[in-house]
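Worksheet: one structure, shown below.
The values are calculated or read from the model by the stated rules, or taken from the named source; none is laboratory data. Source: prediction; values computed, not measured. Note that we place each Cβ from the backbone using ideal geometry, even for glycine, and neighbour counts take in every protein chain shown.
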Amino acid sequence: MSVLGILTCEILELEFAYLLARDPDLARITVLEDDQSARLIGALQSNGIENLRRISDLETFSPSFPDRLEVLIKVLELALHNRKKTLQQGLVEAAHEMSPHVDVLVLGYGLCGNALEKPDELLSDTRVPIFIPMDGDHPVDDCVGLIIGGREKYYQELCEVAGTFFMIPGWTYHWRRMFEREFGNMSLDMARRLFAHYERSLLISTPVMKKDEMRRNAGEFNELFGFRSEARKGTLSILNETWKKTKEFLMGIG
């Protein structure tokens, strides 16, 4: 049938693993195996995926089921978010590497500081259709906007408490990365100054991680900055809708 490509950052690894594990139409899931994809691979395995293949080089990929749908995934490092142009360059390079092997690309990204304000223009040379999670007539703001359910819900929580640090499942696991040289390179003192006017961390729970696990993961973060912890229910509906539209597109050209 077709090959559906996914480019996503590490923050959304669990969401994509959850989505793929529940799609009966997939004949095979192939992941480019590297440091960034290790946790995605683990999540796919823990979800009982049996049709998983790992490759070390995209050039070795070839479809195995011409009459069925396959998925090819590359996970990009979180450090690309450090600067707008770094993220744009990383996405352009990854899309060019993936495009000869896929029929369509799904991006596990939102506007992300306006890095993807014009995704069609940014990736115009990719030569395969690009699908990005949409919030009405515009891409979702970022991974939080994707999981909280859109800009309106994002804004509601900021109106409730302006000093809110949003914690989706991936952030509860990866938050220490902001102190790494490759990503934020922040000292603890710098972070405390940055978060001086913040009051709470808001856990946005979804089925990909239990709320108790999220609380445990975020416990040290809240202690470091003196945040109170609150929670609200998130959603995978925007990601699911993006996935549905991409598959419908492939069926239309298949």
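Okay, here's what the table says:
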item	result
Unmet criterion (only one of (1) acidic (Asp, Glu); (2) surrounded by fewer than 15 Cβ atoms within 10 Å (Cβ to Cβ); (3) out of contact with any strand residue (DSSP E or B) (no Cβ under 8 Å at 6 or more places or on another chain)) for Asp120	(3)
Candidates Met167, Met190 - the one that is without any contact (Cβ under 8 Å) to a residue 24 or more places away in the chain and either of a type in the set (Val, Ile, Thr) or farther than 28 Å from Asp120 by Cα (or both)	Met190
Of residues in the range 123-136 being more than 13 Å from the chain's Cα centre (by Cα) and either modelled with pLDDT of 90 or more or of a type in the set (Gly, Ala, Ser) (or both), the one surrounded by the most Cβ atoms within 10 Å (Cβ to Cβ)	Ile130
Glu230 being of a type in the set (Asp, Glu) and either part of a helix (DSSP H, G or I) or closer than 22 Å to Tyr109 by Cβ (or both)	no
Helices (runs of 4 or more DSSP H) (entirely within the range 1-112) containing at least 3 residues that are touching a residue at least 60 places away in the same chain (Cβ under 8 Å)	13-21, 84-98
The one condition in (1) surrounded by 16 or more Cβ atoms within 10 Å (Cβ to Cβ); (2) part of a helix (DSSP H, G or I); (3) in contact (Cβ under 8 Å) with a residue 40 or more places away in the chain that Asn222 fails to fulfil	(3)
Selection status of Ser99, buried (at least 17 other Cβ atoms within 10 Å of the Cβ), small (Gly, Ala, Ser) and out of contact with any helix residue (DSSP H, G or I) (no Cβ under 8 Å at 6 or more places or on another chain)	yes
Criterion (buried (at least 21 other Cβ atoms within 10 Å of the Cβ), in the same structural domain as Phe221 (by TED's automatic domain parsing), among the small types (Gly, Ala, Ser) and out of contact with any strand residue (DSSP E or B) (no Cβ under 6 Å at 6 or more places or on another chain)) met by exactly one of Gly170, Gly163	Gly170
Residues satisfying the stated conditions in the range 177-206, i.e. under 17 Å from the mean Cα position of the chain (by Cα) and either basic (Lys, Arg) or over 17 Å from Arg39 (Cβ atoms) (or both)	Arg177, Met178, Leu203, Ile204, Ser205
